Amino acid sequence: MAAVRTPREIFLNRVAIAAVMVVLLIMLVPIYWIGSTAFKPRNLATTIPPTVFFQPEVSPFVKLMTKRSQLRKPVEQEVYDAAPWWEKMVLDGGEKVVRTGKGKIRPSGYGQRFTNSLIVSIISTFLAVSMGTLTAYGFSRFKVKGEDDWLFFILSTRMLPPVVVAIPMYLMYRVVGLNDSHLGLIILYTAFNLSFSVWIMKGFIDEIPREYEEAALVDGYTRIQAFFKIVLPEAMTGIAATAVFCFITAWNEYAFALIMTNRRAQTAPPYIPSQVGSGLPDWTVIAAGTFLFLLPVAIFTFLLRNHLLRGMSFGAIRK
Amino acid sequence: MANIQLKGVTKEYGVNKALRGLDLEIADGEFFVLLGQTGAGKTTTLRIIAGLEKPTDGQVLIDGEDVADWNAAERDVALVLQQYSLYPRLTVRGNLEFPLKSRIRKLDSAQIAERVDKAAATLQITPLLDRKVERLSGGEMQRVSIGRAIVREPRVFLMDEPLSALDAKLREALRVELKKLHNDLGATFLFVTHDQVEAMSMGDKIGVLNRGKLVQVGTPSQVYSAPLNTFVARAVGTPPMNLLKGTLSGGQAVIDANGFELPVNGQGGQDGQRMTFGIRPEDIRLESGAPVEARIFDIEDHGVVKILNIEVGEHRIHATVPARMPVALDETIRFGWKGDKVLMFDPETGHNLSI
Ligand SMILES: Nc1ncnc2c1ncn2[C@@H]1O[C@H](COP(=O)(O)OP(=O)(O)OP(=O)(O)O)[C@@H](O)[C@H]1O
Ligand SMILES: [Mg+2]
């Protein structure tokens, strides 16, 4: 437990806590704003002063997921009565849900973009972290000729602002047919995150005593077995921290996604702002899209929080 | 069970030579202690035998077979280190099972459990089996490390200063236990230490290592009573042997500087030759009628004996005397030595001239 503290220390501690609370509140306001707008009726979204108390509704999410068009004239009562609860919300807003000839609902582009984001981010994070960990292990445990030069070279791939290479990459991708494909984005994001992953993981693996693996080698295991049984569990903290950073980078990436993709493999970041431009923006729908977009990173970080706290406080980041 | 042979093993780290043409032979079932100061190359020797390091030159043979191409797993040796050798995430049982679960051993779970229980009983760590190793005391950890070696029933045990991190009492207790273990298992042990008491009390044979070279091999008593040179003479025995420069003259050692004379009955050396005379502290006698006068400079009381540091001119000499002998600081006493116990070394090369 903590040592006995003087009244002065207790007072300072309280001041510090109060200061942190204030900062936290300021940081949370935008998140609250987005979150609350995502549940507001359209007419309350842009009032001045902002509406704080309101009846939350899910209509923004319904609109987010469906393709809609303006109603020319009010719907007939029978049609309105026959509509399910969520469709009524759309009709109440003076719009109707677009259906195909066979009566199936036409979804908006959001769901697919969101799925694309998940696919690209998860796979590229997995690749960057696993390749980075193996590379870092090699650098950490074996004599590599020109080790420092290699490590600098790996880091230097990160020094150019990504936008600078975006146009040449786009041209090359068009030639090999990788533009607007999941694979193309996965390769880009993996390459981009790899240097970071190698550096962070090298720091963590350097801290794991070799004696553990050597004991395993003498105990009758191969190096690969020793790596999986001994090194990997010990490196979990570092892997978690690296994975979170790689995931956030890939998830939020905007410039490459904007240039390299337009439909099939487009991710959420370039899609959400594109909705602002089409006609009079419905801010509640945009807020709903942004709000959903925030969730995966929050959940991922929350799940790994125990590893992260330890990962931040020692290991490579400390250096 | 196995014998080990090292032939001309050299290990270079860049320009730094850790081992220089090391020749070593350890018989089957022997408890061999390698004694050397820090940096002498003890750990390097073990790592080369275990297969964790490749020698720059020379051969390692186990049971007469050159094992250059065998990896660590194939050599079937067990290694106990000073620290860090337990897997921190596993329980004691997990640690003991770990080497047995390797695919090369093909043991079923009943056999594994049996071996673990037996080893735990031998080392008296059965109550610890389900504890996490992180919170064990140093002595407990070292028992578990030894346990992890014995469950394997390896051909050779390699131990790198396994006791040096422990306090004196525990060290003594584990020393006895290790000897007993060696007797029970009958396996070949190579035990490395910088502690000469450990070496003397445990080894069937001692090898004294100096800067990557083996200086002398022998039983503890051979190494103690007939050291090949002044290095070994100083390395073995506490307090170390007294070494005094002087001249051999008519069966007398005439010591430099203040020229006190004492008899020498040993062989070797010619009259008038320059010498380094060596005498163990317990072979110095304090008597009223003895030939040389000295002043008591320091007294260490060890219970059974007292270790005196006496001053003659510019020389300081260690002497071991019975604890009940009444002595006082700064007291003037007279001493002599047992002439037949004096060893003569070449003052230039340090070689023992008496053998
Ligand atoms: N991996 C290495 N790289 C460079 N030099 C090394 C390496 N390992 C050992 N050495 C050097 O080789 C020499 C012998 O080292 P070694 O570890 O075998 O000594 P030791 O007798 O075990 O010493 P200690 O009692 O301190 O453990 C030392 O000078 C050491 O600095
Ligand atoms: Mg060592």
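The values are calculated or read from the model by the stated rules, or taken from the named source; none is laboratory data. No experiment lies behind these values; they were computed from the predicted model shown. Please note: Cβ atoms are built from the backbone with ideal geometry, for glycine as well, and neighbour counts cover all protein chains shown. What goes into the accessible areas is simple: the full protein's heavy atoms, side chains included, and nothing from ligands, DNA or RNA. Shrake-Rupley method; radii C 1.70, N 1.55, O 1.52, S 1.80 Å.
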Practice task
Kindly provide the set of residues from segment B:219-238 that are buried (at least 16 other Cβ atoms within 10 Å of the Cβ), on the phi < 0 side of the Ramachandran plot and of a type outside the set (Val, Ile, Thr), ordered by number.
Solution key: B:Pro220, B:Tyr224, B:Pro227, B:Leu228, B:Asn229, B:Phe231, B:Ala233, B:Arg234, B:Ala235
Handout entry: Count of segment A:221-243 residues which are within 24 Å of A:Ile187 (Cβ to Cβ) and open to solvent by 10 Å² or more (accessible area, probe 1.4 Å)
Key = 2
Exercise for the section: Evaluate segment B:151-162: report whether one residue or more is open to solvent by 10 Å² or more (accessible area, probe 1.4 Å), within 16 Å of ligand 1 (Cβ to nearest atom) and within 14 Å of chain A (Cβ to nearest Cβ). Expected result: yes
Handout entry: Filter result for the condition that a residue is at negative phi, more than 14 Å from chain A (Cβ to nearest Cβ) and not in a helix (DSSP H, G or I), over B:Asp117, B:Asp130
Key = B:Asp130
Exercise for the section: Answer with yes or no whether A:Phe196 is within 14 Å of chain B (Cβ to nearest Cβ), part of a helix (DSSP H, G or I) and either under 30 Å from B:Lys101 (Cα atoms) or open to solvent by 50 Å² or more (accessible area, probe 1.4 Å) (or both). Expected result: no
Fill in the blank from the handout: Over segment A:199-238, the set of residues over 25 Å from the mean Cα position of the chain (by Cα), more than 10 Å from every other protein chain (Cβ to nearest Cβ) and aromatic (Phe, Trp, Tyr) is A:Phe227, A:Phe228
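To keep it simple, each residue is scored yes or no on (1) modelled with pLDDT of 95 or more; (2) of a type in the set (Phe, Trp, Tyr).
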residue: A:Thr190; (1), (2): yes, no
residue: A:Gly203; (1), (2): no, no
residue: A:Asp206; (1), (2): no, no
residue: A:Tyr212; (1), (2): no, yes
residue: A:Leu217; (1), (2): no, no
residue: A:Gly220; (1), (2): no, no
residue: A:Val231; (1), (2): no, no
residue: A:Ala257; (1), (2): no, no
residue: A:Arg263; (1), (2): no, no
Problem - Residues satisfying the stated conditions in segment B:1-17, i.e. in contact with a Ser or Thr (Cβ under 8 Å, 6 or more places away or on another chain) and not hydroxyl-bearing (Ser, Thr, Tyr) - result: B:Met1, B:Ala2, B:Asn3, B:Ile4, B:Leu6, B:Val9, B:Lys11, B:Glu12, B:Lys17
Exercise for the section: Those residues that are within 13 Å of another protein chain (Cβ to nearest Cβ) and outside any helix (DSSP H, G or I), I need them from segment B:101-114; list them, please. Expected result: B:Ser102, B:Arg103, B:Ile104, B:Arg105, B:Lys106, B:Leu107
Practice task
Identify the single condition in (1) more than 30 Å from A:Asn43 (Cα to Cα); (2) surrounded by fewer than 17 Cβ atoms within 10 Å (Cβ to Cβ) that A:Gly111 does not satisfy, given that it satisfies every other one.
Solution key: (1)
Problem - Among the residues listed as B:Asp184, B:Asp195, B:Asp167, B:Asp204, the single one being within 15 Å of ligand 1 (Cβ to nearest atom) and either aliphatic (A, V, I, L, M) or open to solvent by 10 Å² or more (accessible area, probe 1.4 Å) (or both) - result: B:Asp195
Completion exercise
The strands (runs of 3 or more DSSP E) lying wholly within segment B:1-80 that contain at least 1 residues that are more than 14 Å from chain A (Cβ to nearest Cβ) and either buried (at least 18 other Cβ atoms within 10 Å of the Cβ) or among the charged types (D, E, K, R) (or both) are B:4-13, B:16-26, B:31-36, B:57-62
Exercise for the section: Please work out which residue is nearest to ligand 2 (Cβ to nearest atom), limiting yourself to segment B:133-168 and to residues that are in a loop (DSSP other than H, G, I, E, B) and of a type in the set (S, T, N, Q). Expected result: B:Ser164
Practice task
Working carefully through the options A:Ser69, A:Ser36, find the one that is of a type outside the set (A, V, I, L, M, F, W, C), part of a helix (DSSP H, G or I), closer than 30 Å to A:Ala268 by Cα and open to solvent by less than 90 Å² (accessible area, probe 1.4 Å).
Solution key: A:Ser36
Practice task
Among residues belonging to segment B:81-100 that are in a helix (DSSP H, G or I) and within 9 Å of chain A (Cβ to nearest Cβ), point out the one that is farthest from A:Leu232 (Cα to Cα).
Solution key: B:Leu100
Exercise for the section: Would you be able to tell me the number of residues in segment B:72-94 that are among the polar types (S, T, N, Q) and either at pLDDT 90 or above or touching a Phe, Trp or Tyr at 6+ places or on another chain (Cβ under 7 Å) (or both)? Expected result: 1
Exercise for the section: Look through segment B:261-306, keep the residues that are among the charged types (D, E, K, R), under 29 Å from B:Glu348 (Cβ atoms) and under 24 Å from the mean Cα position of the chain (by Cα), and return whichever of them is most open to solvent (accessible area, probe 1.4 Å). Expected result: B:Glu282
Exercise for the section: Determine whether B:Asp23 is closer than 17 Å to B:Ala68 by Cβ and more than 14 Å from ligand 1 (Cβ to nearest atom). Expected result: yes
Exercise for the section: Return the only residue of B:Asp204, B:Asp195, B:Asp271 being charged (D, E, K, R), out of contact with any strand residue (DSSP E or B) (no Cβ under 7 Å at 6 or more places or on another chain) and farther than 21 Å from B:Thr332 by Cα. Expected result: B:Asp195
Practice task
With the checklist (1) free of Cβ contacts under 8 Å to residues at least 40 places away in the same chain; (2) under 16 Å from the mean Cα position of the chain (by Cα) in hand, flag the one item A:Trp251 doesn't pass.
Solution key: (1)
Practice task
Being outside the structural domain of A:Ile272 (by TED's automatic domain parsing) and touching a residue at least 40 places away in the same chain (Cβ under 8 Å) narrows it down to one of A:Gly101, A:Gly93, A:Gly132, so name that one.
Solution key: A:Gly93
Problem - Residue that is surrounded by 10 or more Cβ atoms within 10 Å (Cβ to Cβ) and more than 25 Å from A:Asp282 (Cβ to Cβ), where the choices are A:Phe54, A:Phe11 - result: A:Phe11
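Matching residues to (1) within 9 Å of ligand 1 (Cβ to nearest atom); (2) of a type in the set (Ser, Thr, Tyr); (3) under 20 Å from B:Phe157 (Cα atoms):
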residue: B:Leu19; (1), (2), (3): yes, no, no
residue: B:Asp28; (1), (2), (3): no, no, yes
residue: B:Leu35; (1), (2), (3): no, no, yes
residue: B:Gly39; (1), (2), (3): yes, no, no
residue: B:Ile49; (1), (2), (3): no, no, yes
residue: B:Gly58; (1), (2), (3): no, no, no
residue: B:Ile62; (1), (2), (3): no, no, yes
